[in-house]
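Q: The structure is given below, and queries will be raised subsequently.
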Amino acid sequence: MTDTTESTKSQFTKPKTEKPYDTSKLIDAITEGLLEKKAKDIVLLDVRELTTLADYFVVCHGTSDTQIRALANSVEKKVKEELGENVWQQEGKDSRRWVILDYVNVVVHIFTEEKRDYYGIERMWNDAKVTQIEDTVS
């Protein structure tokens, strides 16, 4: 019989990052990447008191599948340039309806407007502290 305890255990634990970075710098880099490509209705949800999945969710939507891919690529590029960090896990880049970029303590959700309304991440985490991210350079 094979011992699967270690693989099962590692599946449900957050990876240890070699270079600890300031979460606020990560959030800044993520939001800069989203703002550069004109993301719509960017919201930061502080879920530290509600879950161990992540500390923050950044939620936004794009107006087309092309923009959604551009938003995801912009976030990845900006975080890599400013912090030297790669995304830990990502999902949905091919379908471009709901892209998830997991930076362990910050998870980015990029939706189509329709999928955002349907899944209601903000409603699901309605006890989270919500911060609207505005473009101050307009």
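The values are calculated or read from the model by the stated rules, or taken from the named source; none is laboratory data. Everything numeric here is computed off the predicted structure, so don't read it as measured data. When we count neighbours, we look across all protein chains shown, and the Cβ atoms used for this are built from the backbone with ideal geometry, even at glycine.
Q: Can you tell me which of Lys78, Lys93 is touching a Gly at 6+ places or on another chain (Cβ under 7 Å) and closer than 18 Å to Ala39 by Cβ?
A: Details: Lys93 fails: touching a Gly at 6+ places or on another chain (Cβ under 7 Å).
Just a single option satisfies the conditions, and that option is Lys78.
Q: Another question, if that's okay. In this structure, does Ile133 turn out to be within 16 Å of Leu35 (Cβ to Cβ) and either touching a residue at least 40 places away in the same chain (Cβ under 8 Å) or touching a Gly at 6+ places or on another chain (Cβ under 7 Å) (or both)?
A: Values: within 16 Å of Leu35 (Cβ to Cβ): yes; either touching a residue at least 40 places away in the same chain (Cβ under 8 Å) or touching a Gly at 6+ places or on another chain (Cβ under 7 Å) (or both): yes.
So Ile133 passes the test.
Q: Kindly indicate whether any position in the range 106-129 is at pLDDT below 90, acidic (Asp, Glu) and part of a loop (DSSP other than H, G, I, E, B).
A: Checking the range 106-129: not a single residue is at pLDDT below 90, acidic (Asp, Glu) and part of a loop (DSSP other than H, G, I, E, B).
Q: Can you tell me which residue is farthest from the chain's Cα centre (by Cα) among those in the range 30-58 that are acidic (Asp, Glu) and closer than 19 Å to Leu83 by Cβ?
A: Glu36
Q: I've got another one for you. When residues of the range 48-66 are filtered for being under 16 Å from Tyr119 (Cβ atoms) and modelled with pLDDT of 95 or more, how many remain?
A: Residues flagged as under 16 Å from Tyr119 (Cβ atoms) and modelled with pLDDT of 95 or more within the range 48-66 amount to 6.
Each row is one residue, and each column tells you yes or no for (1) over 18 Å from Asp135 (Cβ atoms); (2) surrounded by 16 or more Cβ atoms within 10 Å (Cβ to Cβ); (3) touching a residue at least 40 places away in the same chain (Cβ under 8 Å); (4) touching a helix residue (DSSP H, G or I) at 6+ places or on another chain (Cβ under 6 Å).
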position: Asp22; (1), (2), (3), (4): yes, no, no, no
position: Gly33; (1), (2), (3), (4): no, yes, yes, yes
position: Leu45; (1), (2), (3), (4): yes, yes, yes, no
position: Thr52; (1), (2), (3), (4): yes, no, no, no
position: Cys60; (1), (2), (3), (4): no, yes, yes, yes
position: Ala70; (1), (2), (3), (4): no, yes, no, no
position: Asn73; (1), (2), (3), (4): yes, no, no, no
